[in-house]
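Visitor: Here's a structure for you.
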Amino acid sequence: MFAPDDTIVAVATPSGRGGLGVVRLSGPHATSLANDLLEHSAPLVARYATVSRIVDAGGPSVEAFDRVVATFFPGPGSYTGDDVVEISAHGSPVLLERIVALACARGARLAEPGEFTLRAYLNGRLDLVQAEAVADLVDAVTPLQARIAFDQLEGTVTQAIGALDTDLFDLVARLEASLDFPDEGYHFVEPGLVAQGIAAIRGRVGVLLEGASRGRLIREGCQVVVLGKPNVGKSSVFNALVGASRAIVTPMAGTTRDLVSDVVDLEGLAVRLVDSAGIRATSDAVEAEGVDRARQAVSVASAVIVVLDRSRPLEDEDHQVLEETESSRRVVTMNKMDQPSRWTSEVLSLGSEEVVVAVSAMTGEGLDGLRGALRTVLVGGGDVYRDTPTVANQRHIGLLERAGASLGDAEGAARDGATEEFVLADLQRARMALEELTGKRTPDDVVNHIFERFCIGK
């Protein structure tokens, strides 16, 4: 753990040049340090923007080198819970680094990655779920990712977990009270209702877990491979979906040798689309390596777009690709619908659940249908974003699963007529999992690991 009583400083805006850059100070000496850096002589007023100049008094003469706006946020109502001063300067890396260096020379310490948010967590401004949401919000690359992260930051998941823990605590308290009066035969919850109460709580955990797979997909993104035999238009379909000529397209079979990828926003899903070499037997060593890499990409992909050329008769290589992807989630794409068809989808002999679409990568016809079909294959039909709080973090999912398993054990014990002691042991394990999720009982090494992935200014 970092020393919580240090005054820390860091650039809080992205690296590189910009119109504006922010240096953030947090800690007990934030205001005095800021006053030392500013030409403005009067004390900073809480939540009031003060226009001043940054001065360097360390040399033979006092030198002003930028005009800034300083804002003081007193604790405990600041982001970190400590006194915070944010200095908005011109976004030159040289200027910002100089301000940080001056602050460090006067006693501040350069902040570690995530240390500002860590302090917010330690000072009770955020719980651990909300702190993780801060990083997710910063890292969001689609509007849907940002929306889910913001809702988590606003406390939707925290509130749902808190309500579960409250009801679980109430049940635990009543069972423990029953243990305190064994001779009198008092029961603060009817034995026949214990299993029922546990089942109700377990069901609410299950509701949170139901949307977890799609929530994780939204948060982390996924990989989709464009696959097919050579010269069926894979690269053209890839370029059409990406919206740019990322992959080389020629009439020559085997043009694509290596994997080409790009990230596309698929209705809120961050999809890494991968164009691959044509699947076929070849004596060309380079092309063969490309085919091997294509198969490796498919093995870790969330879904596959199988491209077939419907303007030419199907060949053994087409059927080979279909056979190799039978176990994958896939969208079978009949390309070149702008040309006369030599076959129809009926000849594919696919299952009733298979998704088949027709497109023209050349004209763009059918691409919206392909995007919709791919979205359905990845996350199912309906609205991806639902009213139920979205659990998207693998740590959260694992702890909810642990809580659900312990609740299942407790319910089974209660239905079998086990004594309160045995039921309570499982219920306490469920509570520990929920409290670890929100950070009430999380080990220090887990907390440190979470904040390590933050940027320094956050």
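Visitor: I'm trying to understand the selection: among the residues of the range 26-54, which are more than 19 Å from PHE451 (Cβ to Cβ) and part of a strand (DSSP E or B)?
Guide: Those that are more than 19 Å from PHE451 (Cβ to Cβ) and part of a strand (DSSP E or B): LEU38, ALA46, ALA49, THR50, VAL51, SER52, ARG53, ILE54.
Visitor: Regarding VAL51, is this residue surrounded by 13 or more Cβ atoms within 10 Å (Cβ to Cβ) and either out of contact with any helix residue (DSSP H, G or I) (no Cβ under 7 Å at 6 or more places or on another chain) or within 24 Å of LEU118 (Cβ to Cβ) (or both)?
Guide: When the stated conditions are applied, VAL51 does not pass them.
Visitor: Taking helices (runs of 4 or more DSSP H) that fall entirely within the range 78-160, which contain at least 3 residues that are more than 22 Å from the chain's Cα centre (by Cα) and charged (D, E, K, R)?
Guide: Filter on the range 78-160 gives an empty set.
Visitor: Oh, and also: Among the residues of the range 93-118, which ones are surrounded by 20 or more Cβ atoms within 10 Å (Cβ to Cβ), within 18 Å of LEU137 (Cα to Cα) and either not assigned by TED's automatic domain parsing to the domain that holds THR80 or not hydroxyl-bearing (Ser, Thr, Tyr) (or both)?
Guide: GLY114, GLU115, PHE116, LEU118
Visitor: Exactly one of (1) crowded, with 17+ Cβ neighbours inside 10 Å; (2) assigned by TED's automatic domain parsing to the domain that holds ALA199; (3) touching a Gly at 6+ places or on another chain (Cβ under 8 Å) is unmet by THR156. Its number?
Guide: (3)
Visitor: Of all the residues that make up the range 297-348, how many are exposed (fewer than 13 other Cβ atoms within 10 Å of the Cβ) and either among the aliphatic types (A, V, I, L, M) or touching a helix residue (DSSP H, G or I) at 6+ places or on another chain (Cβ under 6 Å) (or both)?
Guide: Residues meeting the conditions: 2.
Visitor: For the range 335-364, enumerate the residues that are within 33 Å of the chain's Cα centre (by Cα) and free of Cβ contacts under 8 Å to residues at least 60 places away in the same chain.
Guide: GLU353, GLU354, VAL355, VAL356, VAL357, ALA358
Visitor: Next up: Return yes when VAL69 is surrounded by fewer than 18 Cβ atoms within 10 Å (Cβ to Cβ), in contact (Cβ under 8 Å) with a residue 12 or more places away in the chain and of a type in the set (A, V, I, L, M) and no when it is not.
Guide: It is true that VAL69 is surrounded by fewer than 18 Cβ atoms within 10 Å (Cβ to Cβ), in contact (Cβ under 8 Å) with a residue 12 or more places away in the chain and of a type in the set (A, V, I, L, M).
Visitor: How many of the residues in the range 220-238 are crowded, with 24+ Cβ neighbours inside 10 Å and of a type outside the set (Gly, Ala, Ser)?
Guide: 8
Visitor: Would you mind listing the helices (runs of 4 or more DSSP H) fully within the range 367-458 where at least 3 residues are crowded, with 21+ Cβ neighbours inside 10 Å and of a type in the set (A, V, I, L, M)?
Guide: Output list reads 367-379, 394-415, 420-438.
The values are calculated or read from the model by the stated rules, or taken from the named source; none is laboratory data. Model, not experiment: these values are computed from the prediction. Cβ sites come from the backbone with ideal geometry, for glycine too, and all protein chains shown count toward neighbours.
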